[in-house]
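See structure below.
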Amino acid sequence: MSCTLIFLHGGPGFRDYLRPYFTQLEKRFECVFYDQVRGTAVTMQDMVSELHSVVQKASNKVVLVGHSWGGVLATQYASIHEDKLTGLVLMSTGLKASQWRDEFRAELRNLGLEDAPPEKIFLTLPELDIGRPLLDATWESFSEETFDHLFSTYLSNYDLTENFRKLQIPVLNIFGERDVRFPLRVTTSFKQIKKDIIELELPNTGHFPFLLPENRTQISKLIEETFG
């Protein structure tokens with residue numbers, strides 16, 4: 001195995017939902033999936049410390065693969081422990097609080113989706129059938145207490161822009177053309193901050209870019225070509 005991929009699910013407050021979608025990468029890489037720590041007093045330091053313990057157990061060089069909130073956690077970790085990593089894969093994420101919160105709210109208003117059900121916000125029409133079970137299972141696992149505490153102590157005012165700019169490891173930025181959670185104007189702005197990142201924009205795709213089989217094939221191929 002050339003390196004270890006550690007997958008970081010979204011949230012904060014969810015359990016892992018990524019494993020079923022990335023089994024094909026286990027043929028080429030050691031893949032690690034885990035449920036992030038949850039609780040009423042969990043801090044970002046706790047999240048980073050837990051991730052650090054997972055990284056230290058890896059027998060190969062490590063690439064972090066973070067979706068949504070997981071991309072924030074991955075970037076925060078990389079800004080502290082870049083020497084432990086050989087790469088970063090970000091999927092549908094943001095680098096500062098205004099992207100996490102304000103741009104999302106603005107996009108909801110732009111599209112008239114303020115009162116829409118989750119599937120209308122997070123999924124595109126081709127993704128509805130395959131994505132509804134994921135949304136249902138994800139929300140069933142949600143810890144509101146974890147989210148609320150991390151929002152008040154970290155997510156409401158974080159800014160990783162300069163940390164991101166300084167990274168020397170390879171970075172893949174993967175996003176859906178029709179993501180409402182992190183609109184295209186957010187995800188495409190990463191390349192203005194860090195010119196050498198590799199982008200993969202997936203057409204007619206929402207916040208979960210790995211749902212459609214053809215998208216997973218493209219994502220897996222890009223990861224294999226970059227880190228395999």
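None of the figures in this text is laboratory data; all of them are computed from the coordinates on show. Keep in mind that this is a model prediction, so the values were computed, not measured. Positions of Cβ are backbone-derived with ideal geometry, glycine not excepted, and every protein chain shown enters the neighbour counts.
So which residues in the range 46-102 are among the polar types (S, T, N, Q), within 14 Å of HIS9 (Cα to Cα) and not in a helix (DSSP H, G or I), if there are any at all?
Initial filter on the range 46-102 (among the polar types (S, T, N, Q)): 49, 53, 56, 59-60, 68, 75-76, 79, 86, 92-93, 98-99.
From what's left, within 14 Å of HIS9 (Cα to Cα): 68, 75, 92-93.
Listed by number, the residues that qualify are SER68, SER92, THR93.
Looking at LEU51, LEU111, LEU128 in this structure, which one is buried (at least 19 other Cβ atoms within 10 Å of the Cβ) and of a type in the set (A, V, I, L, M, F, W, C)?
Numbers: LEU111 fails: buried (at least 19 other Cβ atoms within 10 Å of the Cβ); LEU128 fails: buried (at least 19 other Cβ atoms within 10 Å of the Cβ).
None of the other options fit; the residue is LEU51.
In this structure, is LYS84 in contact with a helix residue (DSSP H, G or I) (Cβ under 7 Å, 6 or more places away or on another chain) and surrounded by fewer than 24 Cβ atoms within 10 Å (Cβ to Cβ)?
Yes: the conditions hold for LYS84.
Criterion first (without any contact (Cβ under 8 Å) to a residue 24 or more places away in the chain and assigned to a helix (DSSP H, G or I)) does GLU145 satisfy it? Write out each step before concluding.
Numbers: without any contact (Cβ under 8 Å) to a residue 24 or more places away in the chain: no; assigned to a helix (DSSP H, G or I): yes.
No: the conditions fail for GLU145.
Of the residues in the range 199-221, how many are part of a loop (DSSP other than H, G, I, E, B) and under 18 Å from LEU5 (Cα atoms)? Break it down stepwise before answering.
First, the residues of the range 199-221 that are part of a loop (DSSP other than H, G, I, E, B): 203-212.
Applying the additional criterion that residues be under 18 Å from LEU5 (Cα atoms) yields 209-210.
Adding up the residues that qualify gives 2.
Residues that are touching a residue at least 12 places away in the same chain (Cβ under 8 Å), among the charged types (D, E, K, R) and more than 15 Å from LEU88 (Cα to Cα): does the range 197-207 have at least one? Please lay out each step first, then the result.
If we filter the range 197-207 for residues that are touching a residue at least 12 places away in the same chain (Cβ under 8 Å), which is where we start, we get 197-207.
After this cut, where a residue has to be among the charged types (D, E, K, R) as well, the list is 199, 201.
Those left that are additionally more than 15 Å from LEU88 (Cα to Cα): 201.
The answer is yes; a qualifying residue exists.
Give the residue that is surrounded by the fewest Cβ atoms within 10 Å (Cβ to Cβ), with candidates limited to residues of the range 18-40 that are out of contact with any Asp or Glu (no Cβ under 9 Å at 6 or more places or on another chain) and among the hydrophobic types (A, V, I, L, M, F, W, C). Explain how you work it out, then say what you get.
Let us first name the residues in the range 18-40 that are out of contact with any Asp or Glu (no Cβ under 9 Å at 6 or more places or on another chain), namely 18-24, 26-27, 30-32.
Filter again for among the hydrophobic types (A, V, I, L, M, F, W, C), leaving 18, 22, 31-32.
On the way: LEU18: 20, PHE22: 19, CYS31: 19, VAL32: 17.
The residue in question is VAL32.
Regarding the range 91-100, can at least one residue be identified that is surrounded by 13 or more Cβ atoms within 10 Å (Cβ to Cβ), free of Cβ contacts under 8 Å to residues at least 24 places away in the same chain and out of contact with any Ser or Thr (no Cβ under 8 Å at 6 or more places or on another chain)?
Yes, that holds for at least one residue.
Among the listed residues GLU144, GLU103, GLU140, identify the single one that is under 18 Å from the mean Cα position of the chain (by Cα) and not aliphatic (A, V, I, L, M). Spell out the reasoning first.
Working: GLU144 fails: under 18 Å from the mean Cα position of the chain (by Cα); GLU140 fails: under 18 Å from the mean Cα position of the chain (by Cα).
Going through GLU144, GLU103, GLU140 in turn, the sole match is GLU103.
Would you pick out the residues in the range 13-58 that are closer than 21 Å to HIS149 by Cβ, in contact (Cβ under 8 Å) with a residue 60 or more places away in the chain and out of contact with any helix residue (DSSP H, G or I) (no Cβ under 7 Å at 6 or more places or on another chain)?
Matches in the range 13-58: ARG15 only.
Count, please, the residues in the range 166-185 that happen to be more than 14 Å from the chain's Cα centre (by Cα), crowded, with 17+ Cβ neighbours inside 10 Å and among the aliphatic types (A, V, I, L, M).
2
For the range 114-125: of the residues being charged (D, E, K, R) and in contact with a helix residue (DSSP H, G or I) (Cβ under 7 Å, 6 or more places away or on another chain), which is surrounded by the most Cβ atoms within 10 Å (Cβ to Cβ)? Outline the logic, then answer.
Restricting attention to the range 114-125, the residues satisfying the condition of being charged (D, E, K, R) are 114-115, 119-120.
Next, from what is left, pick out any that are in contact with a helix residue (DSSP H, G or I) (Cβ under 7 Å, 6 or more places away or on another chain): 114, 119.
On the way: GLU114: 9, GLU119: 15.
Residue satisfying both the conditions and the ranking: GLU119.
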